[in-house]
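Following: one structure in structure tokens, then a few remarks.
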Amino acid sequence: MFSVLLVMLRVLIPSQVAPPPTEAKPLDISGVRIILFGPTRAERDSIAEGEGFEIDDVLDEFALASGKVAVYASTLKIPVETTESPQIHVRLKGGRVRPFDRKAFSGVVGMILTDGVQEPRLVPGGGSGRELITAIQEFFHIH
């Protein structure tokens with residue numbers, strides 16, 4: 001389902017969403033961004049063996065919420081990146097790099113918010129579109 005989200009986002013906001021990087025390469029991000037992350041197909045299959053259909057529910061809910069985030073972000077002109085990459089490197093002002101290991105998070109899906117200056121904010125797990133949008137508003141001080 002996460003791959004369906006990627007296709008939907010590319011159609012809706014082609015200039016805002018980059019194709020996912022290969023598994024071996026970390027995703028390097030700088031500047032203002034919203035990063036939506038989820039598992040690779042192999043990880044989904046592995047999780048599904050132990051959890052059954054629950055992972056499908058999580059991914060379906062996250063796909064719906066991510067679509068809402070992408071539409072909202074486009075109104076703010078904040079670029080959205082989607083990734084299955086295991087490593088995400090956020091480059092901050094002054095050259096500092098804040099690494100994130102996607103596999104170390106408590107959930108299989110989530111969001112990272114960065115303005116390229118302050119410490120990025122990790123929003124692990126799914127959540128509703130409203131919850132993710134509220135996190136975006138708080139991080140970017142949007143009222």
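Numbers below:
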{"read-out": "Residue in region 76-89 that is within 22 Å of residue 119 (Cα to Cα), at pLDDT 95 or above, over 16 Å from the mean Cα position of the chain (by Cα) and not in a loop (DSSP other than H, G, I, E, B) present", "value": "yes"}
{"read-out": "Boolean, residue 114 is within 12 Å of the chain's Cα centre (by Cα), at negative phi, of a type in the set (S, T, N, Q) and modelled with pLDDT of 95 or more", "value": "yes"}
{"read-out": "Qualifying residue in region 124-135 (condition: within 22 Å of residue 30 (Cβ to Cβ), modelled with pLDDT of 95 or more and of a type outside the set (A, V, I, L, M))", "value": "no"}
{"read-out": "Region 21-44: number of residues that are buried (at least 19 other Cβ atoms within 10 Å of the Cβ), in contact with a strand residue (DSSP E or B) (Cβ under 8 Å, 6 or more places away or on another chain) and at pLDDT below 85", "value": "0"}
{"read-out": "Subset of region 116-143 (residues that are among the β-branched types (Val, Ile, Thr) and farther than 11 Å from residue 72 by Cβ)", "value": "117, 123"}
{"read-out": "Restricting region 95-108 to residues that are touching a Gly at 6+ places or on another chain (Cβ under 9 Å) and buried (at least 17 other Cβ atoms within 10 Å of the Cβ), the residue that is nearest to residue 56 (Cα to Cα)", "value": "108"}
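Every residue, every condition in (1) without any contact (Cβ under 8 Å) to a residue 24 or more places away in the chain; (2) within 21 Å of residue 32 (Cα to Cα); (3) surrounded by 18 or more Cβ atoms within 10 Å (Cβ to Cβ), yes or no:
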residue: 58; (1), (2), (3): no, no, yes
residue: 66; (1), (2), (3): no, yes, yes
residue: 80; (1), (2), (3): no, yes, yes
residue: 89; (1), (2), (3): no, yes, no
residue: 93; (1), (2), (3): no, yes, no
residue: 117; (1), (2), (3): no, yes, no
residue: 120; (1), (2), (3): no, yes, yes
residue: 124; (1), (2), (3): yes, yes, no
residue: 131; (1), (2), (3): no, yes, no
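Yes/no per residue for (1) closer than 22 Å to residue 28 by Cα; (2) in contact with a helix residue (DSSP H, G or I) (Cβ under 8 Å, 6 or more places away or on another chain):
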| residue | (1), (2) |
| --- | --- |
| 63 | no, yes |
| 87 | yes, yes |
| 97 | yes, no |
| 104 | yes, no |
| 114 | yes, no |
| 140 | yes, yes |
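The values are calculated or read from the model by the stated rules, or taken from the named source; none is laboratory data. Only a predicted model underlies this, so the values are computations on that prediction, with no experimental measurement involved. Quick reminder, even Gly has a Cβ in these numbers, built from the backbone with ideal geometry, and neighbours come from all protein chains shown.
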